[in-house]
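K.L.:
One structure follows; several queries about it will come next.
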Amino acid sequence: MPAPQKDTLNLVPFVSVDNMMKLILSIGVEEAIEGIAAQIEADFKRWESFDKTPRIASHSKEGVIELMPTSDGEVYGFKYVNGHPKNTKEGLQTVTAFGLLADVYTGYPVLLTEMTILTALRTAATSAVAAKYLAPKNAKVMAMIGNGAQCEFQALAFKRICGIDTVRLFDIDPIATDKAEFNLKDSGLKVVRTSSHQECVSGADIITTCTADKQCATILTDNMVGSGQHINAIGGDCPGKTELHGDILRRSDIFVEYPPQTRIEGEIQQLDPDHPVKELWKVMTGQEEGRTSEGQITLFDSVGFAIEDFSALRYIHDVIKGTPFYDDLDMLADPDEPRDLYGMVRRAEKSLAAAE
Ligand SMILES: NC(=O)c1ccc[n+]([C@@H]2O[C@H](COP(=O)([O-])OP(=O)(O)OC[C@H]3O[C@@H](n4cnc5c(N)ncnc54)[C@H](O)[C@@H]3O)[C@@H](O)[C@H]2O)c1
């Protein structure tokens, strides 16, 4: 990370939602997902250089608010994120987020950004990177159950990174499927609308479950899953919030991000605490095997881990350089004499008085 200039230490680059949209459109949505995916893969391959902790969750009856920190010793990052499945009925997003990167040497923040859009991009990128290692070779068809905010990002990531050409859509709310079908119509994907969970998964090589419900739901039952498929389960990500029937888990080889967090939050909360799982980073570094046979069911039990957000923040920090897509936020009090914080406040009072 380049040393900050002394005279601009108070200023922190800030990426608003408006600028995030402009930035991503200027890069290309699929290209941005691919760039974030490359950063995630590179960071997973150096997994051991990171501080890791399960995210800090504050649960309520309506949802959850979480903090997701990590550091590689040079750069520190965290994300604030919520998950409130009831929100869409009130015209609000289920998931909103923002995040920050800081220089470990000074402790000074170097980026503050919206992360609602960025979370959708990084979740899609992580899912597709996992599938690159785990999905059947030449997978072409993905079933997408849950057509909410994450849906189109997932579809585009799997097209770009895994080469799928068809997405089969299903949501219990047809308005969500209308929206996804419309948004994906010029994506280059063949979009097939289906009318049930069962119909949606028919003929699919990859099944993505991406629903939001504050309960242990059963989006997939065992009879819906044949053999040889890859399941990308992203909606079960909180205690008491799962999507798959336990029998599917017992038939699958399960791959996770960070076991201490996934055991609390993922589909595997339904299993014994010592049920075997493989860590994705070990598959990426060749320490564990991914898919080993055609008939195997692979399951990515995704909950979302802090390193993925760190990678996405690093990506944004890199790509905003030289663009107009950020504002300098006067966020850090930085008096000329570091200990004269009070004097700085008093001098501001004098200049305010002079201005009146
Ligand atoms: N694993 C991760 O890293 C990660 C990241 C982001 C979001 N998520 C989770 O992914 C899920 C989806 O997020 P979102 O932002 O798209 O939410 P969203 O509320 O925008 O969309 C969820 C959709 O699921 C549909 N749905 C609910 N129950 C269903 C069912 N039984 N069958 C079919 N469809 C059903 C809803 O109608 C809605 O359209 C949430 O649970 C969220 O917490 C996980």
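The values are calculated or read from the model by the stated rules, or taken from the named source; none is laboratory data. This one's a predicted model, so the numbers in the text were calculated from it and none came from an experiment. Neighbour counts are summed over all protein chains in view; Cβ atoms, including those assigned to glycine, are modelled from backbone coordinates with ideal geometry.
K.L.:
Which number in (1) under 24 Å from I254 (Cα atoms); (2) away from the ligand (no atom under 15 Å from the Cβ); (3) at pLDDT 95 or above marks the one condition that G107 misses?
P.N.:
(1)
K.L.:
Another question, if that's okay. For the stretch 321-356, which residues satisfy the criterion of being in a helix (DSSP H, G or I) and either in contact (Cβ under 8 Å) with a residue 40 or more places away in the chain or of a type in the set (D, E, K, R) (or both)?
P.N.:
Scanning the stretch 321-356 gives R346, R347, E349, K350.
K.L.:
Give T88, T113 a once-over and let me know the one that is hydroxyl-bearing (S, T, Y), farther than 20 Å from P54 by Cα and in contact with a Phe, Trp or Tyr (Cβ under 7 Å, 6 or more places away or on another chain).
P.N.:
Within the list T88, T113, the selection yields T113.
K.L.:
Something else about it: Among the listed residues L156, L169, which satisfies the condition of being farther than 17 Å from G236 by Cβ, part of a strand (DSSP E or B) and hydrophobic (A, V, I, L, M, F, W, C)?
P.N.:
Unique residue meeting the criteria: L169.
K.L.:
Now a separate question. Taking the condition under 26 Å from G163 (Cα atoms) and either within 16 Å of the ligand (Cβ to nearest atom) or basic (K, R) (or both), does R122 pass?
P.N.:
In short, yes.
K.L.:
A follow-up question, please. What are the residues in the stretch 74-96 that are more than 22 Å from T242 (Cβ to Cβ), within 11 Å of the ligand (Cβ to nearest atom) and surrounded by 14 or more Cβ atoms within 10 Å (Cβ to Cβ), if any?
P.N.:
Across the stretch 74-96, the qualifying residues are K79, T96.
K.L.:
While we're on this one: Please verify whether A180 is in a helix (DSSP H, G or I), within 9 Å of the ligand (Cβ to nearest atom) and either touching a Lys or Arg at 6+ places or on another chain (Cβ under 7 Å) or closer than 22 Å to M21 by Cβ (or both), treating the condition exactly as stated.
P.N.:
yes
K.L.:
Hey, can you tell me all the residues within the stretch 245-287 that are in contact with a Gly (Cβ under 6 Å, 6 or more places away or on another chain) and either at pLDDT below 95 or more than 22 Å from Q215 (Cα to Cα) (or both)?
P.N.:
The one that is in contact with a Gly (Cβ under 6 Å, 6 or more places away or on another chain) and either at pLDDT below 95 or more than 22 Å from Q215 (Cα to Cα) (or both): V283.
K.L.:
In the stretch 286-315, how many are within 13 Å of the ligand (Cβ to nearest atom), touching a helix residue (DSSP H, G or I) at 6+ places or on another chain (Cβ under 7 Å) and closer than 19 Å to T96 by Cα?
P.N.:
9
K.L.:
While we're here: Quick one: how many residues across the stretch 208-232 are within 20 Å of A128 (Cβ to Cβ), polar (S, T, N, Q) and over 22 Å from the mean Cα position of the chain (by Cα)?
P.N.:
1
K.L.:
State all residues of the stretch 46-73 that are in contact with an Asp or Glu (Cβ under 6 Å, 6 or more places away or on another chain) and either hydrophobic (A, V, I, L, M, F, W, C) or surrounded by 15 or more Cβ atoms within 10 Å (Cβ to Cβ) (or both); if no residue qualifies, say none. Quick ask: steps written out before the conclusion?
P.N.:
The first filter runs over the stretch 46-73 and keeps only residues in contact with an Asp or Glu (Cβ under 6 Å, 6 or more places away or on another chain), leaving 49-50, 55, 57, 68, 70-71.
Of everything in the stretch 46-73, those that are in contact with an Asp or Glu (Cβ under 6 Å, 6 or more places away or on another chain) and either hydrophobic (A, V, I, L, M, F, W, C) or surrounded by 15 or more Cβ atoms within 10 Å (Cβ to Cβ) (or both) turn out to be F50, R55, A57, M68, T70, S71.
K.L.:
Among the residues of the stretch 182-197, is there at least one that is of a type outside the set (A, V, I, L, M, F, W, C) and within 16 Å of S127 (Cβ to Cβ)?
P.N.:
No, the stretch 182-197 contains no residue that is of a type outside the set (A, V, I, L, M, F, W, C) and within 16 Å of S127 (Cβ to Cβ).
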